[in-house]
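Trainee: Let me give you the structure first, and then I'll get to my questions.
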Amino acid sequence: MLKALPGGPFDEDLALNPLVKEKLLEHWQVQSSWSSQALSYIKALVQGDLGVSMIRPDRAVSEIILQGLRNTLMLNGVSLAFIVLGSLLVSVLAVRYRNTWIEQVIDQTVLAFLSLPSLFWGPLLIYIFGFYWDLLPVAFLSGPRHYILPLLTLSLRPLATLVRLLKNSLNENYNQDYVRTARAKGVGSWQILFHHVLKNSLIPFLSYLGPLMVSLLSGSFLVEVLFAVPGLGTEFISAINDRDYTLIMGLTLFYGTLLILVNSLIDLLLKWVDPRLREAA
């Protein structure tokens with residue numbers, strides 16, 4: 001798809017001698033047939049070689065991926081923990097204090113977060129906390145404070161989605177017969193909520209974790225660019241702009257493998273939580 005677009009990896013080098021450019025294109029097999037390029041790439045891939053960057057020929061693609069992976073995993077890992085723990089806490093509070101002002105505040109806040117895209121929050125948070133109040137750094141991941149703004153930008157909408165999903169599931173389970181039986185036996189409200197209702201409400205919650213991780217990984221691309229985070233998303237965008245075909249292929253394969261592994265782990269977790277899925281398998 002990229003090769004069907006105008007431009008190539010060496011078109012920006014205006015001072016490049018035409019003969020040198022021709023030799024570079026020949027060396028990288030850019031002008032070879034697509035089938036020949038694919039066969040050559042797959043042959044190297046089978047041997048575990050992702051090649052080197054076309055724009056930075058002194059850097060291996062695997063080296064670039066490993067260097068950016070740490071920041072991407074840290075940002076996505078912290079965001080995922082914040083989303084999961086935050087949604088559990090907020091949902092439990094909303095259900096425990098049903099029909100009160102607490103539930104109303106939570107519902108209105110969730111509605112606001114769901115109504116606005118994640119990238120709306122990024123520039124707004126940068127302006128308010130970075131420039132207007134000058135409270136938080138707006139670039140890089142040099143310390144704990146640097147995580148706050150990209151974390152919020154990446155997490156607010158998924159957090160609201162999970163809160164709505166889990167809250168609906170909790171309310172549905174609250175109306176089941178086993179809850180009325182537990183109340184009739186004198187079991188306390190918090191005990192009913194944590195020991196009975198919450199456990200039975202986690203299936204749709206856990207089912208959404210797979211798509212959530214996919215959403216975080218794809219959403220972190222633009223968040224990394226927005227906050228100048230030196231991660232895989234930034235490398236991916238730069239590689240696309242530079243038409244760095246080898247780096248784009250390496251990052252695509254890495255992301256694809258990672259997402260397959262994540263979804264497989266979520267499936268195993270669901271079977272562990274819900275015995276019915278184990279019996280169906």
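Every read-out reported here was derived from the displayed coordinates using simple, explicitly stated rules and does not represent laboratory data. Source: prediction; values computed, not measured. Using ideal geometry, Cβ is built from the backbone for each residue, glycine included, and neighbour counts are taken over all protein chains shown.
Trainee: Taking trypsin sites (Lys or Arg not before Pro) as exposed when DSSP calls them loop (any state but H, G, I, E, B) and at most 16 other Cβ atoms lie within 10 Å, what is the longest stretch of the chain free of them, the sites themselves excluded? Don't skip to the end; give the middle numbers.
Mentor: Working: sites that count: K3, R59, R98, K185.
The longest such stretch corresponds to 186-281.
Trainee: Hey, another quick one. If the cut-off is 27 Å between C-alpha atoms, which lysines fall inside it for K3, apart from same-chain ones fewer than 8 positions away?
Mentor: K21, K23, K43
Trainee: Sorted from fewest to most neighbouring beta carbons within 10 Å, what does the list V138, V223 look like? Numbers along the way, then the final one.
Mentor: On the way: V138 18, V223 26.
Fewest-to-most Cβ neighbours within 10 Å comes out as V138, V223.
Trainee: Amide H neighbours of V52 under 5 Å, counting only residues 5+ apart in sequence or on other chains, H built in-plane at 1.01 Å?
Mentor: V61
Trainee: Let me ask something additional. As an exercise, use a Förster radius of 30 Å and the Cβ-Cβ distance of V225 and S35 to find the FRET efficiency, rounded to the nearest 0.05.
Mentor: Working: r = 34 Å, r/R0 = 1.14.
So the FRET efficiency works out to roughly 0.30.
Trainee: Translational D (Stokes-Einstein, µm²/s) of the chain at 37 °C and 0.692 mPa s when Rh comes from the Kirkwood sum over C-alpha pairs? Walk me through the numbers before you get to the answer.
Mentor: Numbers: Rh = 22.2 Å.
Estimated diffusion coefficient is 148 µm²/s.
Trainee: At 24 angstrom or more along the helix axis (alpha-carbon based) and mean Kyte-Doolittle of -1.0 or higher, what helices does the chain contain? Whole DSSP H runs only.
Mentor: On the way: long enough: 61-96 (50 Å, 1.47); 148-174 (36 Å, 0.52); 209-226 (25 Å, 1.77); 245-273 (42 Å, 1.60).
For the chain, where a helix must reach 24 Å along its axis and average at least -1.0, the hits are 61-96, 148-174, 209-226, 245-273.
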